[in-house]
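Chemist: Structure below; questions to follow.
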Amino acid sequence: MFYNEYSKEKLQEELEGLYKEYNKIKESGISLDMSRGKPGPDQLDLSMDMLDVFNSESDLKASNGFDCRNYGVLDGIPEAKKMMADIMECNPENVIIGGNASLNLMYDAISRAYTHGIMGETPWCKLDKVKWLCPVPGYDRHFGITEHFGIEMINIPLKEDGPDMDMIEELVSKDASIKGIWCVPKYENPTGLSYSDEVVKRMAALKPAAKDFRIFWDNAYAIHHLYDEEEKQDTILNIIDECKKAGNEDMVYEFASTSKVTFPGSGIAAIASSVANVDEIKKRMSVQTIGFDKMNQLRHVKYFKNAEGVKKHMAKHAAKLRPKFEAVLKMLDAELDGYGIATWTKPNGGYFISFDVMEGCAKKVVNMCKEAGMVLTGAGAPFPYGIDPKDSNIRIAPSYPSPEELIDASKILIVCTKIAAIEKLLETK
Ligand code: PMP
């Protein structure tokens with residue numbers, strides 16, 4: 001029975017029981033962190049052998065004979081470009097290998113547009129207004145970049161199959177100050193859902209008023225499935241191909257990295273785009289650096305051999321992550337289903353579950369969890385300016401705690417969600 005069908009007395013009785021449970025948890029002195037999507041230490045252990053790929057005797061030449069110990073090769077060694085191109089399903093000529101983080105490449109792409117403009121268009125710093133589309137809930141660090149540059153962010157609701165394309169088409173066609181959109185097309189952060197073919201096609205066929213409009217296609221979870229069975233793996237259409245087909249070859253920058261394949265902060269990152277965009281980026285990048293860490297690029301390719309090797313490695317990550325996601329989802333299904341007070345996503349991959357509580361309750365739930373010893377991502381964080389208009393979304397990051405800890409964590413979350421919902425309902429009873 002839904003909580004909103006309970007009588008006032010029954011709700012009060014239920015609340016009393018829940019507070020007893022809550023206080024017991026609080027007194028137990030539990031300490032849990034579900035705030036960031038970090039791989040667990042057991043996942044980091046999976047890549048330790050990569051450190052043995054080289055020693056002081058190793059030949060550190062790339063496939064083209066280039067000595068990776070030295071300066072040069074701005075856009076990456078050929079075998080790393082091929083490996084990342086295969087992961088992003090494009091050609092090596094479309095790829096630039098960057099440094100240790102894709103977020104850095106995204107920041108730099110906006111920074112370049114801001115100071116120097118894109119393909120001869122006015123630098124964004126010289127415009128009165130620059131606006132950006134932000135599918136929500138989304139990745140807080142994306143919104144952090146656009147906020148940092150003073151770009152006005154516009155919320156776009158996310159549906160089950162991707163962002164609201166009617167709204168996007170309408171907005172970009174009319175407003176030339178809209179210069180871009182953040183997209184996490186596969187296993188989104190935080191919903192874990194993926195864009196349908198129709199959404200990708202419509203995105204690729206946009207007719208923006210701004211010539212320098214760019215889709216920032218952050219394919220951070222391109223190969224991060226939770227299941228080995230193909231039917232449980234999401235697939236998305238290739239945006240670079242679709243943009244080309246739609247005559248919008250230059251409209252997209254795609255990003256990926258091995259942060260959640262090997263070591264976050266010590267992986268390799270890549271940007272992929274049309275040859276014209278790649279040429280422009282390289283020209284500007286050559287002022288910024290002589291070249292990125294080619295030894296790390298070579299280390300990654302020697303270890304994995306190719307994209308197939310990377311995908312096999314990802315199955316080992318999935319084996320570690322799957323029981324964690326399942327532990328949380330099983331608890332939510334068992335303890336929260338049928339009360340009409342929360343909904344949650346059931347992703348096939350990625351690092352997050354998106355959890356929606358009753359409107360006006362998310363902050364309260366997050367605070368109550370914190371007081372009971374569990375840190376969650378701040379309520380509102382997955383929204384531009386940290387403001388969730390409905391105060392209902394909570395990002396669950398199950399990757400770091402152990403499955404046993406996640407059972408405790410879910411218990412706390414469930415109790416707090418119920419308390420917040422009942423107190424909200426009692427306001428109007
Ligand atoms: N994009 C998304 C959507 C992410 O979730 C993350 C990591 N949480 C990143 C980018 C960061 O990737 P990188 O380490 O390559 O900067």
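Chemist: Would you check if SER35 is of a type in the set (Gly, Ala, Ser) and in contact with a strand residue (DSSP E or B) (Cβ under 6 Å, 6 or more places away or on another chain)?
Modeler: yes
Chemist: If you scan the stretch 357-377, which residues turn out to be buried (at least 17 other Cβ atoms within 10 Å of the Cβ) and assigned to a helix (DSSP H, G or I)?
Modeler: If the condition is that a residue be buried (at least 17 other Cβ atoms within 10 Å of the Cβ) and assigned to a helix (DSSP H, G or I), then ALA362, LYS363, LYS364, VAL365, VAL366, MET368, CYS369 are the ones that fit.
Chemist: Moving to a separate point now. Return the residues of the stretch 249-296 that are within 14 Å of the ligand (Cβ to nearest atom), of a type in the set (A, V, I, L, M) and over 18 Å from ARG112 (Cβ atoms); say none if nothing qualifies.
Modeler: Across the stretch 249-296, the qualifying residues are ALA256, VAL261, ILE268.
Chemist: For the stretch 376-413, name all the residues that are among the polar types (S, T, N, Q), in contact (Cβ under 8 Å) with a residue 40 or more places away in the chain and touching a helix residue (DSSP H, G or I) at 6+ places or on another chain (Cβ under 7 Å).
Modeler: ASN393, SER399, SER410
Chemist: So which residues in the stretch 392-404 are assigned to a loop (DSSP other than H, G, I, E, B), out of contact with any Ser or Thr (no Cβ under 7 Å at 6 or more places or on another chain) and buried (at least 20 other Cβ atoms within 10 Å of the Cβ)?
Modeler: SER392, PRO398, SER399, TYR400, PRO401, listed by residue number.
We did not get these values from a lab; they are worked out from the coordinates using the rules stated. Every value quoted in this text rests on a predicted model; they were computed, and no experiment measured them. Neighbour counts run over all protein chains shown; Cβ positions are idealised from the backbone, glycine included.
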